[in-house]
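Heads up, the thing below is written out as structure tokens.
Read the figures in this text as sums done on the coordinates, not as results from a lab. What you see is a predicted model, and the numbers here were worked out from it, not measured in a lab. Cβ placement follows ideal geometry from the backbone for every residue including glycine, while neighbour counts extend to all protein chains displayed.
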Amino acid sequence: MREKPAEGDLDIQLLQSCLVDQYGLQPTLIRRFSADHPTFLVESDAGAYVARIGQGDLERQAGVLEALANAGFPAAKLLRARNGAPVTKHRTGSRQDELLVMDYIEGRALSRDPEDLYQFGSSLGQLHHHGHGIAAAMPRTIDGAPVVERAGMLPANELRFALRNLLPYEHDLPNRNTARQWKSLVDACADGLEEQTGLTQTFLHGDAHQWNCVRAESGQVHFFDWDSSGFGPAIIDLAFALLSCATGGLIYQPDHAESASIDALLAGYSEHMILAGADRDGLERAIAFRVLVCAGVGFGHFLAAGKDPMQEPTIQWSLERLRTVRALAETAKRSLRYC
């Protein structure tokens, strides 16, 4: 088997031993996907798998994969250990690691061409259309509660977090321009916290952007990274997908997509999902939500460091994205289907 352990990683030899002893795999290659996450490609005689290491969070991920499989939604399939456990636990020094193993889905990264974004929107629409079935298929804890309930990144908690980063600096702003922008962000975050009723609730991916999926040779788009998934308003997922594809992500310099690509994403989504009138009315807030969090938290961090946020490129990029929200919402309102 190739690959040497890197300093600070789970010992590769220990990982290999766990895969052999507890999963019956015979790895021929173990390779880390990136330095940011302890997630590994495992090649074996039985096929290719993904091994993910965590501390206390992988039971949730395993529950999501099982619910998706039980509901018939195309996603990586969980590989249970020989003893039937969805996640195995291993002592690494003073730390207890968890190990989750799933199928590796061969595919390529998505572009922002209309055909790719149509399939991306279609897969997201299928997820939302089958959301109640996925939630019903969710494994239960020993107490009978679903392993996963609410989605992880929803406005109530995230916007409050942004406000906690902004409000301490009300009387410590360097100039009038920065003070005006600070007030605008505070007001927008507070406005986003107002309760919206009648929104379509479904099972969300929770971080639906084009870099969290691959397109298989069949054309099917497969999502991965289900860490923030759970029940919530459909437009939260859709809005972040739209914003990310329209502006090239969330944290880097905006790179605006062609209108035909955004139209294709919306057409793909609408092929499977019909929304309510309240969703149409809430689209602008939903699209702004994640950018407001990014801007608000960044604004507060720069102020804490004694810097003027308005002189920072990342803040200017967030403000540029916020200026695109209304037009993007109007495009979506015209293109989506409503009951």
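Miscellaneous remarks
- Distant alpha-carbon pairs in the chain (separation over 36 angstrom), percent: 27
- Axis of helix 277-304 versus longest Cα principal axis of the chain: the two differ by about 90°, to the nearest ten degrees.
- Along each principal axis, taking the top coordinate minus the bottom one, the Cα set of the stretch 98-220 gives 55, 46, 37 Å in descending order.
- Shape category assigned to the stretch 221-305 from the gyration tensor of Cα positions, a/c cut at 1.5: prolate
- Here, P(r) means the percent of Cα pairs in each 5 Å bin from 0 to the largest distance; for the stretch 172-271 it is 2, 10, 14, 19, 19, 15, 9, 6, 4, 1, 1, 0.
- Between helix 58-70 and the chain: long-axis angle, C-alpha atoms, 0 to 90°, nearest 10: 90
- Local charge for Pro114 was computed over the other residues whose Cβ lies under 11 Å away, with Lys and Arg +1 and Asp and Glu -1, and equals -4.
- Computed log10 I(q)/I(0) for the stretch 1-150 at 0.15 Å⁻¹: -0.89, from the Debye equation with unit scatterers placed on every C-alpha and solvent omitted.
- Each residue, Ser111 and Arg180, gets one label point 7 Å from its Cα in the Cβ direction; the gap between the two is 4.2 nm.
- The charge dipole of the stretch 12-103, taken about the Cα centre with unit charges on the Cβ atoms of Lys, Arg (+1) and Asp, Glu (-1), comes to about 140 debye, rounded to the nearest 20.
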